[in-house]
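Enquirer: Mind having a look at this structure? Questions to follow.
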Amino acid sequence: MAEKIIKTEYSEEMQKSYMNYSMSVITARAIPDARDGLKPVQRRVLYDMSELHLNHDKPHRKSARIVGDTMGKYHPHGDSSIYETLVVMSQVFKKGVPLVNGHGNFGSIEGDGAAAMRYTEARLEKFAEEVYLKDLDKTVEFIPNYDETEKEPEVLPVRVPNLLINGAEGIAVGMSTSIPPHNLVEVVDAVQAYIDNPDISVRELMEYLPGPDFPTGGIIANKSDLPSIYETGMGKIKLRGKIEVELGKRKADKDKLIITEIPYTMVGAGINKFLMDIADLVENKKLTDVIDISNQSNKEGIRIVLELRKDADVEKIRNILYKKTKLEDTYGVNMLAIAEGRPEILNLKGILKNYLDFQYKNATRKYQVLLDKELEKKEIKEGLIKACDIIDLIIAVLRGSKNLKDAKNCLMTGDISNISFRVKGFEEDAKKLCFTEKQASAILEMRLYKLIGLEILQLEKEFKETLAKIKEYEKILSSRKNMDEVIKKDLDYIKSEYGTPRKTLIEDGKEAVYDEAAVTVSEVTFVMDRFGYCKILDKNTYDRNKETIETENPFVVNCLNTDKICIFYEYWKFTSDKSIGYPGRKAS
């Protein structure tokens, strides 16, 4: 076989290959879709749990079973990413509305990791089952999986703006996304306002959706910056923990500062770091009024207690905590999502528009499928009702037919020439035999008990219900206004069933001000010995031991304690007699 050598520019090939890799990571791994607000791995985990029938009212199943099934069928990128996704979707302190119900150790807000997947169990939450996975077969497109042996949904038919409700975080190649979670009730109100007025501005939408609502609560301290963030899709949110003062009830009791809510950015190992930072401040005499620190947090919530000295300045301590620790932190917002197949930074209105376009498409497809089913039912029920009126003729046809094909042909055409059995008077009635193919098949499959009087009445009742449904579905599909009402009604139900009060307070907080005590300016002496060890000496100490110090330290500088000193370091080689050698050579 002859070799086929393709000559190409190496740089161009590398650039093309890297771009393909980058787009694959961006669109198929790290960035959520603007329609359902999910990354591919999240979508696949939820769909696989649905296929395993792990509904909210069924027993939990081993997490390892879910992870293995997802990896084998839909997501062949390793079990760790799948299990981590499953864990995060179950954590109430990370998700606005959890989608997975975990059983076992699924980690803690303080940074404890989840137990291994072989020890934990999971199932779907009712919210995920009803709002994220309902009507899968009637709404979204299915595509082949990675090896084309299974089918998976392109997106999930999520009925709420998940991109806002649960937020998203992801790092791709050259870009990242960071969308904060929001309150379900407020998001639904904003969607309904947008449906009523598509020309509504972002600032008007913020009357319904004032800002993020983090599952850890806390305080958003820069309310005035939020309109700009929602208009551009980018910005910084200043988060603060919530501090309460608990006064001693008795004379001997100490006053306490209680931290009951933490910034969302502190979730995980941040709490331990925060406690260490407070301890350092106390040790360095910057929080002299704090005499004890204890973390009394439990499953009921956060409770970090700082015990204070008598007559402590509470406001000063509060400012030090905000200024010197992560109790005040910044959350960077970058609302990047995949919209129409490409990454795009979306503002608030852009997110809602993508969501609603998706909902209209899903609703149209759903009600068209339902309408087609009801039209098919109508056709069959019409045939059965008509057959009951001429049942004697049909029985005669069936008794006289040689085979199923002749019987079916006679019911559809009224041609009784091949019917061997005759009953006087049926020749004229044969003209009534003009059933469709579906009707004829239904008549041939009909059981005799359907001829009971009550069964015939039930059949007529079902026929009327089918006609009513057809009228309803045709009305919904006939105009955008009717579709709007259906979507709004659906959102009202979700809001009433799953809505919760806001947790995060939004305000324009005062800047935390903390002035460190001014340093008294004095003269000092900076000395550095031949080994590079440096120290600062008091001027009086230097004066008393001037000769000894200058002999032992080749570098001596008199300066102020507030001055800055720049040190340029060189490698030195030392001679065998330990005297200073020459610069410019690397030490061995």
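Each reported figure results from applying straightforward, stated rules to the coordinates on display, with no laboratory input. What you see is a predicted model; the values in this text were computed from it and never measured. Here Cβ is always computed from backbone atoms with ideal geometry, including for glycine, and neighbour counts include all displayed protein chains.
Enquirer: List the chymotrypsin sites (Phe, Trp or Tyr not before Pro) within segment 457-533 that fall in a DSSP loop (any state other than H, G, I, E or B) and whose Cβ has at most 12 other Cβ atoms within 10 Å.
Expert: In loop regions of segment 457-533 (DSSP not H, G, I, E or B), the sparsely surrounded chymotrypsin sites (Phe, Trp or Tyr not before Pro) are 531, 533.
Enquirer: Report, to the nearest 10°, how far helix 348-389 tilts away from the longest principal axis of the Cα atoms in the chain, using its own Cα long axis and a range of 0 to 90°.
Expert: That helix lies at roughly 20 degrees to the long axis.
Enquirer: Can you list the GluC sites (Glu not before Pro) in segment 234-329 that are in a DSSP coil and have 10 or fewer other beta carbons within 10 angstrom?
Expert: Sites meeting the loop and neighbour criteria: 300.
Enquirer: Is the shape of segment 38-157 best called rounded, prolate or oblate, per the rule: a/c under 1.5 gives rounded, else a/b larger than b/c gives prolate, else oblate, with a ≥ b ≥ c the square roots of the Cα gyration tensor eigenvalues?
Expert: Since a/c reaches 1.5 and a/b is larger than b/c, the shape of segment 38-157 is classed as prolate.
Enquirer: Going by the alpha-carbon gyration tensor, a ≥ b ≥ c the square roots of its eigenvalues, is segment 242-326 rounded (a/c under 1.5) or, if a/c is not under 1.5, prolate (a/b greater than b/c) versus oblate?
Expert: Verdict is oblate for segment 242-326.
Enquirer: A further question follows. Calculate how steeply helix 404-413 sits against the longest principal axis of the alpha-carbon atoms of the chain, using the helix alpha-carbon long axis, and give the answer as 0 to 90 degrees to the nearest 10.
Expert: 80
Enquirer: Report the Rg/Rh value for segment 130-198, based on alpha-carbon coordinates and the Kirkwood definition of Rh.
Expert: 1.07
Enquirer: Please list, by residue number, every one of the trypsin sites (Lys or Arg not before Pro) in segment 252-296 that is coil in DSSP and has at most 13 other beta-carbon atoms within 10 Å.
Expert: Sparse-neighbourhood loop trypsin sites (Lys or Arg not before Pro): 285.
Enquirer: Estimate the FRET efficiency between residue 12 and residue 310 by the formula 1/(1 + (r/R0)^6), using the beta-carbon distance for r and 56 Å for R0, to the nearest 0.05.
Expert: Efficiency, from the Cβ-Cβ distance: 0.15.
Enquirer: What residues qualify as long-range amide H neighbours of residue 176, i.e. H under 5 Å apart, gap of 5 or more or another chain, H built at 1.01 Å from N?
Expert: none
Enquirer: Show the residues, 5+ positions off or on another chain, whose built amide H is closer than 5 Å to the amide H of residue 101.
Expert: For residue 101, whose amide H was placed from the backbone, the distant partners under 5 Å are 123, 124, 125.
Enquirer: Give the long-range amide H neighbours of residue 111: residues separated by 5 or more places, or on another chain, with amide H under 5 Å away, using H modelled in the peptide plane at 1.01 Å from N.
Expert: It is 268, by chain and number.
Enquirer: Next up: Could you compute the FRET efficiency for residue 459 and residue 145, with r as their C-beta to C-beta distance and R0 at 41 Å, rounded to 0.05?
Expert: The value I calculate is 0.45.
Enquirer: I've got another one for you. Let me know the shape class of segment 445-559, please: from the alpha-carbon gyration tensor, a ≥ b ≥ c as square roots of the eigenvalues, rounded when a/c is under 1.5, otherwise prolate if a/b is greater than b/c, or oblate.
Expert: Judged from the Cα gyration tensor, segment 445-559 comes out prolate (a/c at least 1.5, a/b above b/c).
Enquirer: Please give the calculated 222 nm ellipticity per residue for the chain, where each DSSP H segment of at least 4 residues contributes -39500 (n - 2.57) and the sum is spread over every residue; nearest 500 deg cm²/dmol?
Expert: -12500 deg cm²/dmol
Enquirer: Quick one: if you stick a label point 7 Å off each Cα along the C-beta vector at residue 508 and residue 169, how many nm between them?
Expert: Placing both labels 7 Å along Cα→Cβ, they lie 2.9 nm apart.
Enquirer: Now for a different question. Take the Cα pairs of the chain, get the Kirkwood Rh, then feed it into Stokes-Einstein at 10 °C and 1.306 mPa s and tell me D in µm²/s.
Expert: 51
Enquirer: Any idea what angle helix 10-25 forms with the longest principal axis of the chain, computed on alpha-carbon atoms, 0 to 90 degrees, nearest 10?
Expert: Orientation of helix 10-25: about 70 degrees from the principal axis.
Enquirer: Now, a different point. Considering only the other residues whose Cβ falls under 11 Å of the Cβ of residue 466, what net charge follows from Lys and Arg at +1 and Asp and Glu at -1?
Expert: Local net charge: 0.
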